[in-house]
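**Student:** Structure incoming, see below.
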Amino acid sequence: MGGEVRAFIPLFPQRHIPIILAAILQAGETLQKKIPNEHENRLTRRLCRMLNQMIIFRDGPLSIHPQQEILSPDPEKDTPEGYIDILVSCGHGSEVYFAIEAKRLRVRSASGRMTAGNDDYVNEGMMRFITGQYAPLMKSGAMLGYVFDGDTGMARS
């Protein structure tokens, strides 16, 4: 069994996904940016601290892991394949997780220019799920958009 790859890996339990998404929405209601164009990694860390205070994450079975490094499948490679903004594990091993990628949307730069963030959301977020960089063995993942100007209707369009 040593270095042998298993033919089947269990999937992340689908029943946990609505609980995770509801918890993110609940915690997100009070999450505030500290500066006008704050980077999403700082927001995500604060969000994860809030989530870790909720019973389902604090006492299990789910665990929150912010900025989780993605290891290469090649054991000779010593650099990460990337980072998952929020990884939710469920105690079924290191390859069974729910990945969440966070991006900023509708951010105003220091010069006052509005940036929609759509390119990053799609190319640096969604495409990483599609290409298999994030959660290649899992059936589900999620994108989290921090809408900086509060106009969720414009962010959706």
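**Student:** Please go through segment 42-71 and pick out each residue that is in a helix (DSSP H, G or I) and surrounded by fewer than 16 Cβ atoms within 10 Å (Cβ to Cβ). Explain how you work it out, then say what you get.
**Tutor:** Pass one, segment 42-71, residues in a helix (DSSP H, G or I): 42-52, 55-58.
Arg42, Arg45, Arg49, Asn52, Ile55, Arg58, listed by residue number.
**Student:** Sort out which residues of segment 123-157 are part of a helix (DSSP H, G or I), within 16 Å of Glu40 (Cβ to Cβ) and touching a residue at least 12 places away in the same chain (Cβ under 8 Å), and write them in order of number.
**Tutor:** Glu124, Gly125, Met126, Arg128, Ala155
**Student:** Scanning segment 131-155 for residues that are among the hydrophobic types (A, V, I, L, M, F, W, C) and farther than 23 Å from Cys90 by Cβ, which turns out modelled with the lowest pLDDT? Even if it seems obvious, please write down each step before you answer.
**Tutor:** We begin by selecting, within segment 131-155, every residue among the hydrophobic types (A, V, I, L, M, F, W, C); these are 135, 137-138, 142-144, 147-148, 154-155.
The next check asks that each one be farther than 23 Å from Cys90 by Cβ; those that pass are 147-148, 154-155.
On the way: Val147: 83, Phe148: 80, Met154: 81, Ala155: 77.
Ranking the qualifying residues of segment 131-155, first place goes to Ala155.
**Student:** Among the residues in segment 79-87, are any among the β-branched types (Val, Ile, Thr) and assigned to a loop (DSSP other than H, G, I, E, B)? It would help to see each step written out before you state the result.
**Tutor:** Our first condition is that a residue be among the β-branched types (Val, Ile, Thr); within segment 79-87, this holds for 79, 84, 86.
Narrowing further to those that are assigned to a loop (DSSP other than H, G, I, E, B): 79.
Checked against the condition, which is being among the β-branched types (Val, Ile, Thr) and assigned to a loop (DSSP other than H, G, I, E, B), segment 79-87 yields at least one hit.
**Student:** Being modelled with pLDDT under 80 and assigned to a loop (DSSP other than H, G, I, E, B) narrows it down to one of Gly112, Gly93, so name that one.
**Tutor:** On the way: Gly93 fails: modelled with pLDDT under 80.
After applying the criteria, what remains is Gly112.
**Student:** Can you say whether Val88 is at pLDDT 90 or above, more than 18 Å from His39 (Cα to Cα) and surrounded by 14 or more Cβ atoms within 10 Å (Cβ to Cβ), as far as the supplied structure shows? Steps first, please.
**Tutor:** Values: at pLDDT 90 or above: yes; more than 18 Å from His39 (Cα to Cα): yes; surrounded by 14 or more Cβ atoms within 10 Å (Cβ to Cβ): yes.
Taking the combined requirement at face value, the residue satisfies it.
**Student:** Among the residues of segment 26-41, count how many are assigned to a helix (DSSP H, G or I), within 17 Å of Phe148 (Cβ to Cβ) and more than 14 Å from the chain's Cα centre (by Cα).
**Tutor:** Restricting attention to segment 26-41, the residues satisfying the condition of being assigned to a helix (DSSP H, G or I) are 26-28, 40-41.
Subsequent filtering for residues that are within 17 Å of Phe148 (Cβ to Cβ) retains 28, 40-41.
Keeping just the survivors that are more than 14 Å from the chain's Cα centre (by Cα) gives none.
Final tally of qualifying residues: 0.
**Student:** How many residues are loosely packed, with under 12 Cβ neighbours inside 10 Å and on the phi > 0 side of the Ramachandran plot if we restrict to segment 72-85?
**Tutor:** Count: 0.
**Student:** Moving to a separate point now. Which condition from (1) in contact (Cβ under 8 Å) with a residue 60 or more places away in the chain; (2) more than 26 Å from Phe148 (Cβ to Cβ); (3) assigned to a loop (DSSP other than H, G, I, E, B); (4) not acidic (Asp, Glu) is the one that Pro75 breaks?
**Tutor:** With (1) in contact (Cβ under 8 Å) with a residue 60 or more places away in the chain; (2) more than 26 Å from Phe148 (Cβ to Cβ); (3) assigned to a loop (DSSP other than H, G, I, E, B); (4) not acidic (Asp, Glu) applied to Pro75, the lone miss is (1).
**Student:** Related question: When the residues of segment 91-135 are narrowed to those that are touching a strand residue (DSSP E or B) at 6+ places or on another chain (Cβ under 8 Å) and on the phi > 0 side of the Ramachandran plot, which ends up surrounded by the fewest Cβ atoms within 10 Å (Cβ to Cβ)?
**Tutor:** Residues of segment 91-135 touching a strand residue (DSSP E or B) at 6+ places or on another chain (Cβ under 8 Å): 91, 96-109, 114-118, 120-121, 124-126, 128-129, 133-135.
Next, from what is left, pick out any that are on the phi > 0 side of the Ramachandran plot: 91, 106, 117, 135.
Working: Gly91: 10, Arg106: 19, Gly117: 21, Ala135: 23.
In this case the residue turns out to be Gly91.
**Student:** Tell me which residues, restricted to segment 104-152, are under 20 Å from Pro13 (Cα atoms) and among the aromatic types (Phe, Trp, Tyr).
**Tutor:** Phe129, Tyr134
**Student:** Taking Ala110 as the residue in question, decide whether it is without any contact (Cβ under 8 Å) to a residue 60 or more places away in the chain and hydrophobic (A, V, I, L, M, F, W, C). Steps first, please.
**Tutor:** On the way: without any contact (Cβ under 8 Å) to a residue 60 or more places away in the chain: no; hydrophobic (A, V, I, L, M, F, W, C): yes.
It is false that Ala110 is without any contact (Cβ under 8 Å) to a residue 60 or more places away in the chain and hydrophobic (A, V, I, L, M, F, W, C).
**Student:** Quick one: how many residues across segment 78-101 are within 19 Å of Gly132 (Cβ to Cβ), acidic (Asp, Glu) and either free of Cβ contacts under 8 Å to residues at least 24 places away in the same chain or in contact with a Pro (Cβ under 8 Å, 6 or more places away or on another chain) (or both)?
**Tutor:** Of the residues in that region, 1 qualify.
The values are calculated or read from the model by the stated rules, or taken from the named source; none is laboratory data. The structure displayed is predicted, hence computed values, not measured ones. Counting neighbours? That spans all protein chains shown, and the Cβs are built from the backbone with ideal geometry, glycine included.
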